[in-house]
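A.B. asks: The structure that follows is given in the form of structure tokens.
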Amino acid sequence: MRQSDIDAGNENRFRKIMVIGRSEAGKSTLMAALGMIDGTVTKTESVQFNSNCIDTPGELLESPFFKHTFMPLSCKAKVVLLLLDPFKHSSFSPGITTILRAPSLGVITKIDLPGAEKRIELATKQLLNAGVKEVFPISSVTGEGLDALKARINVYIN
Ligand SMILES: Nc1nc2c(ncn2[C@@H]2O[C@H](COP(=O)(O)OP(=O)(O)O)[C@@H](O)[C@H]2O)c(=O)[nH]1
Ligand SMILES: [Mg+2]
């Protein structure tokens, strides 16, 4: 955050977390599990600016025309999470994190589902290839892995 924004009282312009990933990757569910959005999770049809997070629709990632939208959006985040459902094809282009203006972390979702464990290695490679330096396997349903992820996120947002 810039000092000029702090002086101007503009800190609230900055959401803490931004999430990107394909539709159904588990973005909204994870934000709810981390207490970043309240209420029920509905399908996100547009970019949602919540007080603590920017939840983005998967369609942005799926279209080569819209991918670049992540650059200006990420200027308002302190950390960006790249979410990957290990059962689905990764839509992250190699090095996509280079367009982001905030540090990024990789998150593998749904590890509670049968068969997820043997997919973690490939999913990790795909996220590293997208440009993240660290990968966190999690389940928003059982809570597995959330403490480690939260601890890492806190380093960026506090
Ligand atoms: N088993 C399991 N299901 C999940 C998990 N996270 C999300 N889901 C389910 O996956 C579907 C898509 O989740 P959602 O958060 O709406 O995905 P989004 O489109 O990326 O926001 C929903 O039916 C969720 O209940 C998880 O960790 N484990
Ligand atoms: Mg959503």
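A.B. asks: Run through the DSSP bridge list for segment 3-157 and note the antiparallel percent, rounded to the nearest 5.
C.D. replies: Bridges in segment 3-157 are about 10 percent antiparallel.
A.B. asks: While we're on this one: Under 8 Å for C-alpha pairs, at least 6 residues apart: give me the relative contact order for the chain, rounded to a whole percent.
C.D. replies: It rounds to 22 percent for the chain.
A.B. asks: Would you calculate the separation in nanometres between label points at Ile99 and Asn52, each defined as 7 Å from the Cα along the Cα-to-beta-carbon direction?
C.D. replies: 2.8 nm
A.B. asks: Quick check: net charge around His89, other residues with Cβ under 14 Å of its Cβ, Lys/Arg +1 and Asp/Glu -1?
C.D. replies: +1
A.B. asks: Please check which bits of segment 124-150 a label hung off Asn158 would reach, taking the label as a point 7 Å along Cα-to-C-beta and the cut-off as backbone N under 14 Å.
C.D. replies: The answer is 147-150.
A.B. asks: Can you pick out the pairs among Lys43/Lys118; Lys27/Lys88; Lys16/Lys125; Lys16/Lys110 whose Cα atoms lie more than 19 Å from each other?
C.D. replies: Lys43/Lys118; Lys16/Lys125; Lys16/Lys110
A.B. asks: Estimate the FRET efficiency between His68 and Thr42 by the formula 1/(1 + (r/R0)^6), using the beta-carbon distance for r and 25 Å for R0, to the nearest 0.05.
C.D. replies: My answer for the efficiency is 0.45.
We did not get these values from a lab; they are worked out from the coordinates using the rules stated. Note that the coordinates shown come from a computational prediction; the quantities given were computed from them, not determined experimentally. When we count neighbours, we look across all protein chains shown, and the Cβ atoms used for this are built from the backbone with ideal geometry, even at glycine.
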